[in-house]
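The values are calculated or read from the model by the stated rules, or taken from the named source; none is laboratory data. Everything numeric here is computed off the predicted structure, so don't read it as measured data. Neighbour counts are summed over all protein chains in view; Cβ atoms, including those assigned to glycine, are modelled from backbone coordinates with ideal geometry. Side chains are part of the model used for accessible areas, which takes the heavy atoms of the whole protein and leaves out ligands, DNA and RNA. Shrake-Rupley method; radii C 1.70, N 1.55, O 1.52, S 1.80 Å.
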Amino acid sequence: MMRLLAVSAAVALSSCAGYQLGGVKPASLARIKTIQVPMFGNDTQHPRAEAIATSAVASALAQDGTYRISNLDKADAVLEGRIRRIDYLQIRGERLDTLRPQELQNTVTLSWTLKDAKDPTKVLANGNAVGHSQFFVDANLQTSRNNALSDALERAADSLVSKLANGY
């Protein structure tokens, strides 16, 4: 009886072997605790897109919680980014005029580099992040595009932070 109880306790306690609490950062970023996020660059003609992208990445980092956001003198690393492209694709056209869009998809491409704060020539990680969003064409196309852009940038920021925090 005692042996059965010991075996069942061992099985119950070992069933969660392999799980760990806390972050699972990539090994190359294990010592990084704080990140500074300066204003992103913008290679597009969209006004204020760099401010929206910077805000989206800072919010995604804060929400994830793996890294803290800091100023340059206290940061372990600096995350530099640039908006490379904003593309629009027609998803659905008008029933009688297929060249007139009814629904569009925008795709935002960010490039980013994580550099050591003490030695800016040392690149810790880099990559691209892509975000998509869809919107309907209505009377005010500019407002629709702006709203969809912030949504696509948030999705790209989530992808970027996932790569930094989890390695994928």
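So here's what we get for this one:
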| quantity | calculated |
| --- | --- |
| Residue, nearest to Lys118 (Cα to Cα), within region 81-100, restricted to residues that are out of contact with any Asp or Glu (no Cβ under 7 Å at 6 or more places or on another chain) and crowded, with 19+ Cβ neighbours inside 10 Å | Gly81 |
| Members of region 51-65 that are in contact (Cβ under 8 Å) with a residue 12 or more places away in the chain and not in a helix (DSSP H, G or I) | none |
| Residue among Arg68, Arg92, Arg84 that is under 21 Å from Gly131 (Cα atoms), in contact (Cβ under 8 Å) with a residue 24 or more places away in the chain and touching a strand residue (DSSP E or B) at 6+ places or on another chain (Cβ under 9 Å) | Arg84 |
| Residues (touching a residue at least 60 places away in the same chain (Cβ under 8 Å), open to solvent by less than 20 Å² (accessible area, probe 1.4 Å) and more than 12 Å from Ser28 (Cα to Cα)) located in region 109-123 | Leu110 |
| Filter result for Ala156 (of a type in the set (A, V, I, L, M), more than 17 Å from Gln36 (Cβ to Cβ), open to solvent by less than 70 Å² (accessible area, probe 1.4 Å) and touching a residue at least 40 places away in the same chain (Cβ under 8 Å)) | yes |
| Yes/no for Asp76 being open to solvent by 40 Å² or more (accessible area, probe 1.4 Å), under 19 Å from Leu164 (Cβ atoms) and either at pLDDT 95 or above or acidic (Asp, Glu) (or both) | no |
| Residue match in region 41-50 (condition: touching a residue at least 60 places away in the same chain (Cβ under 8 Å) and assigned to a strand (DSSP E or B)) | no |
| Count - residues of region 124-144 that are touching an Asp or Glu at 6+ places or on another chain (Cβ under 8 Å) and either in a strand (DSSP E or B) or open to solvent by 40 Å² or more (accessible area, probe 1.4 Å) (or both) | 7 |
| Some residue of region 1-17 being open to solvent by less than 70 Å² (accessible area, probe 1.4 Å), at pLDDT 95 or above and among the hydroxyl-bearing types (Ser, Thr, Tyr) | no |
| Residues that are of a type in the set (Val, Ile, Thr) and under 30 Å from Ala139 (Cα atoms), drawn from region 64-120 | Ile83, Ile86, Ile91, Thr98, Thr107, Val108, Thr109 |
| Filter pass, Ala62 being open to solvent by less than 60 Å² (accessible area, probe 1.4 Å), within 30 Å of Thr34 (Cβ to Cβ) and aliphatic (A, V, I, L, M) | no |
| Residue that is of a type in the set (A, V, I, L, M), on the phi < 0 side of the Ramachandran plot and in contact with a helix residue (DSSP H, G or I) (Cβ under 6 Å, 6 or more places away or on another chain), where the choices are Leu153, Leu96, Leu79, Leu141 | Leu153 |
